[in-house]
Every structure is written in structure tokens, then in C-alpha cells.
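Have a look at the structure below, then the notes.
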Amino acid sequence: MYAKPLYCPQCGAGSLEYRIPPGDTKRRNLCGRCGYIIYQNPLMVAGAILEWEGKILLCKRAIKPKFGLWTLPAGFMENHETVEECARRECMEEANAEIEDIQLFSLYSLPHISQIYAMYYGTLAGGKTEPGPESSRTELIAPEDIPWDAIAFDVIRANLELYLEHGPGNGRVHTGTIAPHPGAGAQAENSA
């Protein structure tokens with residue numbers, strides 16, 4: 001999932017080695033000149049289940065991966081923002097939607113693609129939404145009309161199923177691990 005770095009960010013040398021550093025247990029990119037260790041850590045994704053009058057906001061993707069399929073507004077966290085700020089920003093970017101009464105709903109690990117996925121729950125402010133640049137369409141959909149065969153990612157499906165089964169959580173945070181479908185490559189599960 002990660003591109004191999006070409007140069008050391010500490011000293012600029014191009015002599016990187018991929019090996020287990022002294023005192024460590026995992027292979028890392030290590031600078032042969034200054035010894036700097038380049039750690040690659042999981043990416044954080046945040047999003048939200050937005051409800052209005054018993055319906056859930058879904059966004060039809062206008063970008064790859066999973067172009068044309070439905071998702072909840074979510075995306076990769078930026079530096080210097082909180083997880084909640086990320087969820088709010090993604091709602092605005094993908095659906096021009098503001099979230100009220102926000103609370104954490106779930107936290108999933110996706111180790112096969114090195115992601116951590118935090119989903120919030122809240123009310124769609126004023127019931128207003130329209131597509132942002134990453135969505136071709138936004139729609140408030142009744143639970144019985146969710147297009148299950150056209151949901152973009154397993155983590156989105158898991159969150160929708162949990163929400164429909166348990167409701168907004170009432171202070172309970174759901175946790176779990178999402179594994180790839182048999183025969184599906186890791187790229188197929190890239191969720192943001």
C-alpha cells in the first residue's frame with residue numbers, strides 16, 4: 001500500500017535499506033548513512049452516518065475506487081485535525097452536509113490495507129445536502145431502500161448493518177475488524 005521511499009527525510013541520502021533495525025521486530029526502511037528509521041503507520045479514515053427523518057444520507061461516488069457505488073461520507077484524516085473534525089469535513093466535502101449531535105458510533109481495524117476507520121453518527125442539519133466534487137449524487141434513503149448490491153466498501157456495509165440493527169448507539173461504540181472478501185485484493189477494499 002505504501003510507496004517505498006527513495007531518500008532519507010532526515011539527511012537526504014538515497015542509501016535506504018529494508019531490514020530489521022537493532023532492538024526492533026519488524027522490517028523498516030533504514031538510512032544507511034545516518035541510521036534514521038522511516039516508520040510507515042496505518043492511515044486514519046473518518047466519516048459519519050447522517051440521519052434525517054428516518055432516512056440515511058448516502059453518497060454516490062464520482063471518483064475511483066468504486067466509482068458509481070454508494071457510500072457514507074468519509075475520507076482520510078489530514079494532519080493537524082481531530083478525528084471528529086475529519087468526519088465533519090468529509091461530510092461537507094462529499095455531501096455539503098453539516099452534522100449535529102455528533103457522537104462516535106464505531107471503530108474498525110482494516111489491517112489488510114493498514115487503515116483505522118472511525119464512524120460517527122449524527123443528525124443531518126436541516127435535512128440539506130447536495131453532491132460535492134467526489135460525489136455524483138447524494139440521497140436520503142429509507143433503510144428498506146438501501147441499495148445493498150451497490151454499497152462501495154465492506155466497512156460501510158458493516159456500519160449500515162450495525163446502525164440498522166442497534167440504532168445510534170446511545171454511548172456504545174462498536175468495534176471490530178474488517179477482513180477482505182476471499183479472492184478480493186487489498187486495493188479493492190481501499191475505503192476512502
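The values are calculated or read from the model by the stated rules, or taken from the named source; none is laboratory data. Everything numeric in this text was worked out from a predicted model, so none of it was measured. In this analysis, Cβ positions are derived from the backbone assuming ideal geometry, glycine residues included, and neighbour counts consider all displayed protein chains. SASA here: full protein model, heavy atoms, side chains in, ligands and nucleic acids out. Shrake-Rupley method; radii C 1.70, N 1.55, O 1.52, S 1.80 Å.
Going by accessible surface with a 1.4 Å probe and the largest first, Leu43, Leu124 read Leu43, Leu124. Computing FRET efficiency as 1/(1 + (r/R0)^6) for Ile63 and Ala179, where r is the C-beta to C-beta distance and R0 is 30 Å, gives about 0.75.
Other residues with beta-carbon under 15 Å from the beta-carbon of Gly54 carry, at +1 per Lys or Arg and -1 per Asp or Glu, a net charge of -4. Between Arg157 and Ser136, the modelled label-to-label distance comes to 2.1 nm, taking each label 7 Å out from Cα in the direction of the beta carbon.
The fraction of accessible area contributed by carbon and sulfur in region 66-192 is 49 percent, rounded to a whole number (1.4 Å probe; ligands and nucleic acids excluded).
Considering only Ser15, Tyr163, Ala3, and ranking their Cα positions along the charge dipole of the chain that arises from unit charges at the beta-carbon of Lys, Arg, Asp and Glu, the one farthest toward the positive end is Ser15. With a Cα-only, solvent-free Debye model of the chain, what are the log10 I(q)/I(0) values at q = 0.10, 0.13, 0.17 Å⁻¹? The Cα Debye sum returns log10 ratios of -0.47, -0.72, -1.05.
Across region 144-154, rounded Karplus estimates of 3J(HN,Hα) from the backbone phi angles (6.51 cos²θ - 1.76 cosθ + 1.60, θ = phi - 60°) give 6, 9, 4, x, 4, 6, 10, 7, 5, 9, 4 Hz, Gly and Pro being marked x. Of all lysines in the structure, those lying under 19 Å Cα to Cα from Lys60, and not within fewer than 8 positions of it along the same chain, are Lys128.
For Asp101 and Lys26 in one chain, what is 0.36 nm times their gap in residues minus the Cα-Cα distance, to one decimal in nm?
22.8 nm
The Cys residues in the chain with no partner Cys Cβ within less than 4.7 Å of their Cβ are Cys59, Cys86, Cys91.
Think of it as helices only: each DSSP H run of n ≥ 4 in the chain is worth -39500 (n - 2.57), and spread over all residues that comes to -4500 deg cm²/dmol at 222 nm. In the full protein context, the chain carries 53 Å² of accessible surface per residue, based on a 1.4 Å probe and ignoring ligands, DNA and RNA. Seen from Leu16, the other residues with C-beta closer than 15 Å to its C-beta sum to a net charge of +4, counting Lys and Arg as +1 and Asp and Glu as -1. Straight Cα distances below 21 angstrom link Lys26 to the lysines Lys4, with same-chain residues fewer than 8 positions distant left out.
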